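This report refers to the structure that appears directly beneath it.
The values are calculated or read from the model by the stated rules, or taken from the named source; none is laboratory data. In this text the structure is predicted, and so the values were computed from the model without any measurement. When we count neighbours, we look across all protein chains shown, and the Cβ atoms used for this are built from the backbone with ideal geometry, even at glycine.
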Amino acid sequence: MGSNLQNSTQRRKQNTTYSQHKNNAVQAVKGFAYRSEQSARQFFDRIWQKIQKILTPINFYLHHFTFGVFEKIRFPWLKVGIVAVLAFILLQKDLHFQIHMRAPLGNTEKAQKEQNGSTTEQLNITAPSLALLDAAKARLMANSLDQNETEAYIKRFGKVAITEQQKYNIPASVKMAMAILESEAGTSNYTKQTNNHFGHPLKGGQFNTAWENWRAHSQLLTADSSPYKALLRYGNDYKSWAKGLKDLGYSSIENYDELLVNLIEKYEMQRMDNMKG
């Protein structure tokens, strides 16, 4: 009898302990669920606040620029905002996925090197192409020069070219052809703004007068440290001067010498080489 009573008492204690543990577990689950709900609610509240910051100015400008035509129309901003956020996230993931898909798996450095190599090859291919474009542009420009404007330019700066030849021994025809080609017979906006008639190698310089520019160009070509000073040995041979300028890299235009000679002979500027100022 005493043994049965003792077992019954022990079972009641066990049941009580089990109930307490069960209640504690239930309370813990409820507390976790409540905290999770609160966290989720706070998370979505923060998202909604950010969405409202975006939508508020959009709503303002919509009504402002439409003069209130859509003022009575209510848009489902919440749905629109959620869709926009989801679209942004998906686009970001898709972009990230595409970037990784383009590179070999587990070999990012190799992919980067291959990309850099491809870029270098593109630059190497582009460089001569640009030179050809410059040459084509220069040829087109030389052929499209207005004859009246070119003749007026020669008349305007003829005495200057002859004076520079007498002082620095640079053929007047060569100086004139260089100026015409590089300034588009004085009509280019760059020349008008800077008084710079010689794009190479005085590009970027600005002068008070055109005469100062012509003198600076003569001094540059004949300076002791200038590679072009060696061309003085050609005297008035404008063809040798033109070829020498090209060979010494005066201009990046591939057929620069041909353009100079064509201009000189077209307008018979070689006659200036034997004139006096």
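Worth a mention:
- Residue among K239, K243 that is in a helix (DSSP H, G or I), within 36 Å of the chain's Cα centre (by Cα), in the same structural domain as D146 (by TED's automatic domain parsing) and basic (K, R): K243
- E212 meets the conditions (1) touching a residue at least 12 places away in the same chain (Cβ under 8 Å); (2) part of a helix (DSSP H, G or I); (3) over 21 Å from I264 (Cα atoms); (4) in contact with a helix residue (DSSP H, G or I) (Cβ under 8 Å, 6 or more places away or on another chain) in every case but one. The failed one is (4).
- Condition broken by A216, with the remaining ones in (1) within 24 Å of A185 (Cβ to Cβ); (2) within 32 Å of the chain's Cα centre (by Cα) satisfied: (2)
- Any chance G186 is surrounded by 17 or more Cβ atoms within 10 Å (Cβ to Cβ) and either assigned by TED's automatic domain parsing to the domain that holds K229 or touching a residue at least 12 places away in the same chain (Cβ under 8 Å) (or both): yes
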